[in-house]
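**Q** Next up is a structure, given as structure tokens.
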Amino acid sequence: MQPTLRVDDPPTPRPGRLRTAWRAAHRPVAGVSRRTQLVACAVPFIVLPSGVWRLPAAFADGIGFGQRAYIVSLSVLSEVLAFSAIGLVARWGEVFPRWVPLLGGRRIPTTAAVLPAAVGATLLTLLWTVITPVTEVMGVTIRGEEVPSTYPGRAGGWESAWFYFCYAPLVLWGPLLAVLTVAYGKRRRTAGSTAR
């Protein structure tokens, strides 16, 4: 027996086709723990504040078109790369989507995902977790030059606090990507040995 709706009951929302497709594409595959899902979802949010901090600088007075395009592109590219961490827990990280020419529907070789993710995790850890904090403490750039007086961390007050608040989460990007990479590799190897 179906429940009757009263006139004042709000209609039950139905997800649209785009929302349904998005959820299906990003649904975690079997064997992914809840903790690993949370780590994967955290990565784009860790990178987002630095992009938000950079974007107003792109539209400041005196910024040329080339610099503006670079800043916006860097922010968008950083977020896209961070979002790719979701692929280490979702189906599109194990099987090429059907719309990919020539490869659609085929399994992604484990090495083809693990190798770039491991290299990325290593580089991000070196850059943001090791080198950047050391250079901040020493007051030099990555090249070893003295930090200029216009450096946002030297502004003082709320400007410095906002800068560090937005960039500090990047310290976690590399290590979290490494955790996801190891979990992905183990899950795929286990699934491969079980399938044999």
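The values are calculated or read from the model by the stated rules, or taken from the named source; none is laboratory data. Computed from a predicted model, the values in this text were never measured in an experiment. Cβ placement follows ideal geometry from the backbone for every residue including glycine, while neighbour counts extend to all protein chains displayed. Surface accessibility is based on the protein's heavy atoms, side chains included, excluding ligands, DNA and RNA. Shrake-Rupley method; radii C 1.70, N 1.55, O 1.52, S 1.80 Å.
**Q** Sort out which residues of the range 27-36 are in a helix (DSSP H, G or I) and either buried (at least 17 other Cβ atoms within 10 Å of the Cβ) or in contact with a Gly (Cβ under 9 Å, 6 or more places away or on another chain) (or both), and write them in order of number.
**A** Once the filter is applied, which keeps residues that are in a helix (DSSP H, G or I) and either buried (at least 17 other Cβ atoms within 10 Å of the Cβ) or in contact with a Gly (Cβ under 9 Å, 6 or more places away or on another chain) (or both), the range 27-36 yields only T36.
**Q** State whether the residues of the range 107-121 include one that is more than 23 Å from R187 (Cα to Cα), surrounded by 11 or more Cβ atoms within 10 Å (Cβ to Cβ) and in contact (Cβ under 8 Å) with a residue 12 or more places away in the chain.
**A** no
**Q** What tally of residues in the range 61-91 results from selecting those that are over 13 Å from the mean Cα position of the chain (by Cα) and not in a helix (DSSP H, G or I)?
**A** 5
**Q** Kindly provide the set of residues from the range 62-100 that are within 21 Å of V43 (Cβ to Cβ), in contact with a strand residue (DSSP E or B) (Cβ under 9 Å, 6 or more places away or on another chain) and open to solvent by 20 Å² or more (accessible area, probe 1.4 Å), ordered by number.
**A** Correct list: R91, E94.
**Q** Out of T190, T181, T129, I need the residue that is among the hydroxyl-bearing types (S, T, Y), open to solvent by 50 Å² or more (accessible area, probe 1.4 Å) and touching a residue at least 40 places away in the same chain (Cβ under 8 Å). Which one?
**A** Going through T190, T181, T129 in turn, the sole match is T190.
**Q** Any residue that is over 30 Å from W162 (Cα atoms) and free of Cβ contacts under 8 Å to residues at least 24 places away in the same chain - is there at least one of those in the range 75-90?
**A** No, because not a single residue in the range 75-90 is over 30 Å from W162 (Cα atoms) and free of Cβ contacts under 8 Å to residues at least 24 places away in the same chain.
**Q** Give all pairs with beta carbons closer than 9 Å in which a residue from the range 140-165 that is under 23 Å from L48 (Cβ atoms) meets a residue that is open to solvent by 100 Å² or more (accessible area, probe 1.4 Å) and at pLDDT below 85; count only pairs at least 6 apart in sequence or on separate chains.
**A** Filtered contacts from the range 140-165: S160/R154.
**Q** Being under 20 Å from the mean Cα position of the chain (by Cα) and closer than 30 Å to A57 by Cα narrows it down to one of G139, G120, G153, so name that one.
**A** The unique qualifying residue is G120.
**Q** Another question about this same structure. With (1) out of contact with any helix residue (DSSP H, G or I) (no Cβ under 8 Å at 6 or more places or on another chain); (2) surrounded by fewer than 13 Cβ atoms within 10 Å (Cβ to Cβ) as the list, and V140 as the residue in question, which single condition is left unmet?
**A** Here V140 clears every test but (2).
**Q** Determine, yes or no, whether V147 is at negative phi, surrounded by 14 or more Cβ atoms within 10 Å (Cβ to Cβ) and in contact with a Lys or Arg (Cβ under 7 Å, 6 or more places away or on another chain).
**A** Considered against the rule, which asks whether it is at negative phi, surrounded by 14 or more Cβ atoms within 10 Å (Cβ to Cβ) and in contact with a Lys or Arg (Cβ under 7 Å, 6 or more places away or on another chain), V147 comes out as yes.
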